[in-house]
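For reference, the structure discussed in these notes is given below.
The values are calculated or read from the model by the stated rules, or taken from the named source; none is laboratory data. This one's a predicted model, so the numbers in the text were calculated from it and none came from an experiment. With ideal geometry, Cβ positions are generated from the backbone for all residues, glycine too; neighbour counts draw on all protein chains shown.
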Amino acid sequence: MSTNPQVPNNLNIVPFVSVDHMMKIVGKIGMEQILKGIADYIEVDFKRWQLFDKTSRVASHSEKGVIELMPTSDGELYGFKYVNGHPKNMKEGLQTVTAFGVLSSVDTGYPILFSEMTILTALRTAATSVMAAKYLARKNSSCMAIIGNGAQSEFQALAFQSMLGINKLRLYDIDPIATRKCSDNLKGQGFEITLCKSAKEAAQGADIITTETADKLCATILTDDMVTEGVHINAVGGDCPGKTELAREILLRSAIFVEYAPQTRIEGEIQQLEENYPVNELWQVIRGEHVGRENNQQITLFDSVGFAIEDFSALRYIRDQLDKPGMSDMYEKLDMIADPDDPRDLYGMVLRSGGMSKVA
Ligand code: NAD
């Protein structure tokens with residue numbers, strides 16, 4: 001697995017992966033393989049945690065939602081994602097979450113990849129969730145509840161099926177149309193699916209509970225009585241100040257695992273707890289520096305908010321795929337960087353292009 005920037009010969013031409021290209025890439029590689037591939041890259045990068053520049057994302061909040069920038073670097077590559085979160089969008093026929101991202105060479109500062117990241121975010125979020133569950137869920141888990149059956153839901157189901165063997169799903173959404181859509185999309189993929197009438201019903205008998213609802217408020221999607229011994233909670237939807245999904249009592253009964261604690265304390269479920277409440281960062285578990293699940297009775301909680309390194313890994317994965325045979329029509333080449341023959345003669349290049357009107 002290469003971490004080399006592998007910049008193209010022509011540095012001013014940058015590969016661009018559009019939404020259409022990304023769908024073709026998923027089709028060519030296969031959903032299961034791409035989820036596994038991204039999960040592997042994230043795991044490799046979480047093992048190299050200390051190498052990365054880490055910062056909480058830069059968020060611009062409004063009444064309607066949030067727009068965020070998520071940068072990081074491993075010293076060789078630099079990446080960032082632009083992402084929004086607008087729960088009200090869905091009712092207007094728009095995506096709650098959209099994103100795009102850039103990967104650059106630290107050596108030159110030149111970009112080496114531009115990519116859509118709306119689909120890639122759904123893939124990387126599911127890949128991160130299942131990577132966490134690999135360490136935190138009970139080994140014989142087979143049944144997952146998914147509460148919130150929107151854009152992220154099928155990706156989560158398929159990731160948990162391919163990497164953890166989840167073959168039973170219990171679906172619930174306040175909007176039955178969303179549950180029907182999720183169930184129809186997953187038909188014929190080897191799941192036994194139960195459509196539920198409440199979050200409580202969905203949680204019954206589940207080994208893993210995934211919450212991925214969208215509302216800009218401190219909601220209580222799961223109450224304490226819905227969470228039984230040994231359950232692993234994959235809490236994905238609470239990812240902003242003032243936007244949570246779990247009753248506080250659940251947090252007090254759980255072993256809590258986060259991506260990057262300074263960011264999660266602002267945005268995650270743990271914003272409900274006092275500042276120094278003990279939590280574990282996932283990379284420590286992956287590196288064997290901290291124990292994950294301790295026994296089959298423990299309740300484990302992955303308080304997912306989404307961290308920049310996951311996006312960096314996903315971009316790095318896509319960049320490496322583009323170098324493989326048969327991938328040349330999976331991107332287009334953008335003329336992104338000005339490239340005068342003499343680097344100091346930027347003006348001369350514009351002048352000689354003939355595009356400037358003469359000054360009288
Ligand atoms: P979406 O708008 O497509 O779907 C959200 C679904 O939640 C909708 O179907 C809605 O009807 C349902 N819902 C809302 N309130 C509910 C309730 N009380 N009970 C049951 N269902 C309810 O959004 P999406 O793209 O699927 O994203 C889901 C959430 O995950 C969002 O809050 C988003 O910000 C978050 N997210 C987190 C990460 C991460 O890395 N942690 C990544 C992507 C998205």
Inset, instruction - Go through Ser62, Ser129 for me and flag whichever is of a type in the set (Gly, Ala, Ser) and more than 12 Å from the ligand (Cβ to nearest atom). - result: Ser62
Inset, instruction - List the number of the failed condition for Lys216; all other conditions in (1) surrounded by fewer than 20 Cβ atoms within 10 Å (Cβ to Cβ); (2) more than 26 Å from Gly85 (Cβ to Cβ) hold. - result: (2)
Inset, instruction - Select from the stretch 275-312 the residues that are of a type in the set (Gly, Ala, Ser) and assigned to a loop (DSSP other than H, G, I, E, B) and write down the one among them that is nearest to Ala59 (Cα to Cα). - result: Gly306
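Just one of Leu186, Leu164 is surrounded by 18 or more Cβ atoms within 10 Å (Cβ to Cβ), within 23 Å of the chain's Cα centre (by Cα), more than 16 Å from the ligand (Cβ to nearest atom) and under 26 Å from Ile38 (Cα atoms); which is it?
That would be Leu164, the only listed residue that is surrounded by 18 or more Cβ atoms within 10 Å (Cβ to Cβ), within 23 Å of the chain's Cα centre (by Cα), more than 16 Å from the ligand (Cβ to nearest atom) and under 26 Å from Ile38 (Cα atoms).
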Legend entry - Hits in the stretch 313-360 (condition: surrounded by 10 or more Cβ atoms within 10 Å (Cβ to Cβ), touching a residue at least 40 places away in the same chain (Cβ under 8 Å) and in a loop (DSSP other than H, G, I, E, B)): Asp323, Met327, Met330, Tyr331, Met336, Ile337, Ala338, Asp339
Inset, instruction - State yes or no: is Lys197 within 13 Å of the ligand (Cβ to nearest atom), in contact with a Phe, Trp or Tyr (Cβ under 8 Å, 6 or more places away or on another chain), charged (D, E, K, R) and at pLDDT 95 or above? - result: yes
Inset, instruction - Could you grab the pairs with beta carbons closer than 8 Å, sequence gap of 6+ or different chains, first residue in the stretch 239-268 and farther than 23 Å from Arg293 by Cα and in a helix (DSSP H, G or I), second one acidic (Asp, Glu) and within 13 Å of the ligand (Cβ to nearest atom)? - result: Glu267/Asp239
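Please determine whether any residue of the stretch 86-99 is closer than 12 Å to Ser313 by Cβ, free of Cβ contacts under 8 Å to residues at least 60 places away in the same chain and surrounded by fewer than 23 Cβ atoms within 10 Å (Cβ to Cβ).
no
Do we have Ile146 as more than 17 Å from Phe191 (Cβ to Cβ), touching a helix residue (DSSP H, G or I) at 6+ places or on another chain (Cβ under 8 Å) and not in a helix (DSSP H, G or I) here?
no
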Legend entry - Number of the exception - Gln272 against (1) touching a helix residue (DSSP H, G or I) at 6+ places or on another chain (Cβ under 6 Å); (2) closer than 16 Å to Met131 by Cβ; (3) not basic (Lys, Arg): (2)
Inset, instruction - Working only within the stretch 74-88, note down all residues that are in a strand (DSSP E or B) and touching a helix residue (DSSP H, G or I) at 6+ places or on another chain (Cβ under 8 Å). - result: Leu77, Gly79, Phe80, Lys81, Val83
Legend entry - Residue within the stretch 24-47 that is among the aromatic types (Phe, Trp, Tyr) and over 20 Å from Leu120 (Cβ atoms) present: no
Inset, instruction - Please verify whether the stretch 124-138 includes one or more residues that are hydrophobic (A, V, I, L, M, F, W, C) and surrounded by fewer than 21 Cβ atoms within 10 Å (Cβ to Cβ). - result: no
